[in-house]
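The values are calculated or read from the model by the stated rules, or taken from the named source; none is laboratory data. Keep in mind that this is a model prediction, so the values were computed, not measured. In this analysis, Cβ positions are derived from the backbone assuming ideal geometry, glycine residues included, and neighbour counts consider all displayed protein chains.
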Amino acid sequence: MTQFTALTSALSALRASQTGMDVTSHNIANANTAGYTRQRVNITTSTPYYTSVGAIGTGVKITDIERIRDTFLDMRLHASNSNLGSLEVKADLLGRTEQVMGEPDFGVTKELNELWAAFDELSLRPDDNSVRLSAITALGTLASRIRTVSDGLTALGEDAQLQLENGLEKVNDQIQQLADVNDEIASISATGAGVPNDLLDRRDILVDELSRGIGATATYADSGMARLSLNGFDLVSETRANALVLQGDNTLLHPSGGVVNAGGRIRGFQEFLDTDPDTGVLAGVQQSLDDFATELLTQLNAQQAAGRDLDGDTGAATTTLLSMAGGASSLTVDVTRPEDLAAADPAMGALDGSNAASLALLRSVPAPPRVTGDPYVAAAQTITITSGALSSVVVTGAADTLNDVITAINAQLAVDGITTIVADDNGGALRLRETRSGTGIEFTVSSTGDAFGTEGTHASPVVDAVLRSVVTDLGAEVASMRRQAGAEQGINNTAAAARRDHNAVSLDEEMVSLMTFQRTFEAAARVVTAVDEAMQTIVSRLGIVGR
Amino acid sequence: MVRVTQEGMVHSALLRLQERLSSLDTAGKRLSSGKAVQVASDDVSGMNRILGLRARIRAGEQEARNAADGLTWLNVADTKLQTVSDRMHRARELIVRAGSTNDATAREALASEIESIRDDILSVANTKIDGRALFAGTSAGPAVVAGAGYTYGGDLNDVQRRIGAEDLVTVNVNASDVFGFTDGENLFATLTDVATDLRSGNTQAVLGKLDDMDRAQQRLSAGLAAIGAATNHIDAAMVRNDDEQITLKGELSKVEDIDMAAAIMELQTQEVAYQATLGALSRVLQPSLVDFLR
């Protein structure tokens, strides 16, 4: 053992303490830096010095400066981030959809109630043109309200589309940044120097944001480079960034040619904007609004055609109340002249208002069922013509259409020696009319079982109830989405808190290590002084005995 | 042991504050708007009920208007037919008196009064309500066309008012039923005949018309009875409608409006909770080892 060994080990202690204080001060300085991971100096004893009495320690050695980070906690947070991103986007957009509907104070329901009242009022004064005009105005207000809601939904969709495009642009930008960080990490690793912890923090912040933005997950190479992937596709592989391209149908195209299923916020926008009414949120609401408008139009027009207007027009000659070229946004009022409102029942006098009362009654009583599409006959139904001199007609074969039925009936009629008949739709019940003029015999068709089955006959719902279910279905969806987003937010908060508790700087802890390093530094300095004094004894005092 | 850090504490503190503030905001919004359900997602079944109740209330208001309108029809008809009844009593009196009057001048006077009664009744029969013939059914009228004879100009259709979801009431009587236009039953023709017979001195024929007059009076009474029944029906329906409106509005308020006392309590509770959170945080976040090191 020499005096010099002690000096060297004291020096190593001084250096270690200094480094310790440096790292502690860096931790304290970054206590509030977003995404900062606390660092720690790892020290170990240096190689011992062997003497005849055994190995003697030579001081302390700094092995590395460690980032205190747990990848498992990161993964937990990233998984939740992906779900949360998608749910919060949908909850937010759905909430805005509900506001566009404006129920219950500024929505369609209010105007619909006013329309029924206006029709009732018309039934009281069918001869008064001003009352007729106000019914037309009520109709116009309702149509305009429906159009406004429909246009609002379209505008919301356009806004969400824009947000999707901006969101993807941001994601692509972050993908590029992550590739750049990888590049920096690679070049520093190549020099053999350790990768700066702060660069790794920058990398992890980007991965965090990408997990929320698009649901991507990362794995890490030994070099420290991140590999970012999303359902099997590499978004960042080493220093290469694979930007995603938004296609016309809002799917994402990977440079390799595959379609990437996104997660995170991007997925929220995609699901909201999905154009399939069965799966897409916005398309579903738009569709149910269109369905409501169609139902309203069909029932009102049918009731109008059942009446007689002031010009004496009835049936098809009456002006239709509403028409719609495409969706609800094209709903327009056809009737403009007050005289064209068919307030009277054709069987009644000129000043009758009972058809207007029937219009108003649509508020609570459904219109008769009607046949839409191709009426359907199940296999081997027996159809009996009850009021006519015909024997029964048997229709065989599965899924016969109305035309098959008529063909079969006509075949039987030919046997019975009667002229052919045609079928038409009489408010849902199939009515068969003889084409032979003058006789006007009407046949009713009865059948065993579901002759003109569910595919063909549609019970007419009450218009009010249709609209109400549009509103409440949307409300239920909003409430459910908010609950889901809230639950996911809770999970996310827990995961984030667990990670923060692990990664973040504790000032108390840092103060303690600062003090520890300070004391070690002081002690090591004392060692240097002690050795120095001992050496001084050797150098100045030795061999001067008796002087 | 779980590691607790300053950053973690700040974050969770902010989260808690945010939650508290959001509850406070919700409580404040409910109180200031007075509405427990503002959008469907607040309470889906509540909204369904609100929309249903509002539609029903609006319909009920309209039914009350329909009923009031119907009542106007009935009241006017009633008043008018009462005057007809009075005039017919007078005509009957005159006819009876004619039986004992032989003086040509007096008979002429009776005849012209009978004619004037006929014209009075004619003008009543052609009464208009809001520009529309009251006794002409659903036709444009006039109810009675006076030409060579007297014929009914209207139709036999009912004028109906919907005073409830399932409640239709007929609010008119038509001149054909009240005054009769078949042979021998035509009140106007009868009165004309009476005047003619008076002038020609055919007392027997004049007295013979008394039966016709009685039948006319019965028809009129039947009309008045129908009007009375309909009036009672509407009166009862209006009372029921008023009751229903009160019930429905109470129901609506129960679903839609907040319980003011509860909402104020809720707001204060949230306020206290928020302040408590603030206070606790200011104490928890302040001390650190730094304060105790020299």
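The figures follow:
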quantity	calculated
Matching residues, the stretch B:245-294, being within 14 Å of chain A (Cβ to nearest Cβ), of a type in the set (D, E, K, R), part of a helix (DSSP H, G or I) and over 23 Å from B:Asp25 (Cβ atoms)	B:Asp291
Any hit, the stretch A:210-228, residues being farther than 30 Å from A:Thr63 by Cα and surrounded by fewer than 20 Cβ atoms within 10 Å (Cβ to Cβ)	no
Single unsatisfied condition, A:Thr239 versus (1) surrounded by fewer than 16 Cβ atoms within 10 Å (Cβ to Cβ); (2) more than 25 Å from A:Ile68 (Cα to Cα); (3) of a type in the set (Ser, Thr, Tyr)	(1)
Residue among A:Leu115, A:Leu73, A:Leu77, A:Leu87 that is more than 8 Å from chain B (Cβ to nearest Cβ), in contact (Cβ under 8 Å) with a residue 24 or more places away in the chain and either within 18 Å of the chain's Cα centre (by Cα) or outside any helix (DSSP H, G or I) (or both)	A:Leu87
So A:Gly263, is it surrounded by 23 or more Cβ atoms within 10 Å (Cβ to Cβ) and touching a residue at least 60 places away in the same chain (Cβ under 8 Å)	yes
Test result for B:Gln62, within 10 Å of chain A (Cβ to nearest Cβ) and not in a helix (DSSP H, G or I)	no
Tally of residues being of a type in the set (D, E, K, R), in contact (Cβ under 8 Å) with a residue 24 or more places away in the chain and within 8 Å of another protein chain (Cβ to nearest Cβ) across the stretch B:44-59	1
Some residue of the stretch B:116-137 being within 14 Å of chain A (Cβ to nearest Cβ), β-branched (Val, Ile, Thr) and part of a strand (DSSP E or B)	yes
Among the candidates B:Thr269, B:Thr196, B:Thr203, residue that is at pLDDT 90 or above, in the same structural domain as B:Gln160 (by TED's automatic domain parsing) and on the phi < 0 side of the Ramachandran plot	B:Thr196
Cross-chain or 6+ apart pairs with Cβ under 8 Å, the stretch A:29-43 first and within 13 Å of another protein chain (Cβ to nearest Cβ), then basic (Lys, Arg) and assigned to a loop (DSSP other than H, G, I, E, B)	A:Thr37/A:Arg69
Failed criterion for B:Trp73 (all others in (1) facing chain A (nearest Cβ under 9 Å); (2) out of contact with any Ser or Thr (no Cβ under 7 Å at 6 or more places or on another chain) hold)	(1)
Residue within the stretch B:238-255 that is over 30 Å from A:Met511 (Cα atoms) and of a type in the set (Gly, Ala, Ser) present	yes
Residue within the stretch A:37-55 that is within 59 Å of the chain's Cα centre (by Cα) and farther than 20 Å from A:Thr520 by Cα present	yes
Single residue of A:Leu362, A:Leu310, A:Leu297, A:Leu341 found to be touching a helix residue (DSSP H, G or I) at 6+ places or on another chain (Cβ under 6 Å) and more than 13 Å from every other protein chain (Cβ to nearest Cβ)	A:Leu341
Tabulated pairs, the stretch A:468-484, first more than 7 Å from chain B (Cβ to nearest Cβ) and assigned to a helix (DSSP H, G or I), second among the polar types (S, T, N, Q) and crowded, with 18+ Cβ neighbours inside 10 Å, C-beta under 6 angstrom, 6+ apart or interchain	A:Val470/A:Ser288
Test result for B:Ser41, in a loop (DSSP other than H, G, I, E, B) and among the small types (Gly, Ala, Ser)	no
Contacts under 6 angstrom Cβ, first residue in the stretch B:188-217 being basic (Lys, Arg), partner at pLDDT 85 or above, 6 or more apart	B:Arg199/B:Ala111; B:Lys209/B:Thr190; B:Lys209/B:Val194
Candidates A:Ser256, A:Ser329, A:Ser323, filtered to the one that is in a strand (DSSP E or B), more than 14 Å from chain B (Cβ to nearest Cβ) and on the phi < 0 side of the Ramachandran plot	A:Ser323
Failed criterion for B:Gly70 (all others in (1) over 24 Å from A:Val471 (Cα atoms); (2) crowded, with 19+ Cβ neighbours inside 10 Å; (3) outside the structural domain of B:Val173 (by TED's automatic domain parsing) hold)	(3)
Which listed residue, of A:Arg541, A:Arg482, A:Arg500, A:Arg547, is of a type in the set (Lys, Arg), within 24 Å of B:Ala40 (Cβ to Cβ) and modelled with pLDDT under 95	A:Arg482
Every residue from the stretch A:259-282 that is part of a helix (DSSP H, G or I) and touching a Phe, Trp or Tyr at 6+ places or on another chain (Cβ under 7 Å)	A:Val281, A:Leu282
Positions within the stretch A:171-209 being under 21 Å from A:Gly85 (Cα atoms) and surrounded by fewer than 16 Cβ atoms within 10 Å (Cβ to Cβ), in sequence order	A:Asp173, A:Gln176
Residue in the stretch A:283-292 that is under 29 Å from A:Ser80 (Cβ atoms) and either in a loop (DSSP other than H, G, I, E, B) or among the charged types (D, E, K, R) (or both) present	no
Enumeration of residues in the stretch B:122-145 that are aliphatic (A, V, I, L, M), touching a helix residue (DSSP H, G or I) at 6+ places or on another chain (Cβ under 9 Å) and under 24 Å from B:Leu71 (Cβ atoms)	B:Val124, B:Ala125, B:Ile129, B:Ala133, B:Leu134, B:Ala136, B:Ala143
Filter result (of a type in the set (D, E, K, R) and closer than 16 Å to B:Arg132 by Cβ) within the stretch B:150-206	B:Asp155, B:Asp158, B:Arg161
Test: residue in the stretch A:103-112 that is more than 11 Å from chain B (Cβ to nearest Cβ), surrounded by 21 or more Cβ atoms within 10 Å (Cβ to Cβ), of a type outside the set (Asp, Glu) and touching a residue at least 24 places away in the same chain (Cβ under 8 Å)	no
Number of positions in the stretch B:5-17 that are farther than 9 Å from A:Arg500 by Cβ, modelled with pLDDT of 80 or more and at the interface with chain A (Cβ under 7 Å from one of its Cβ atoms)	1
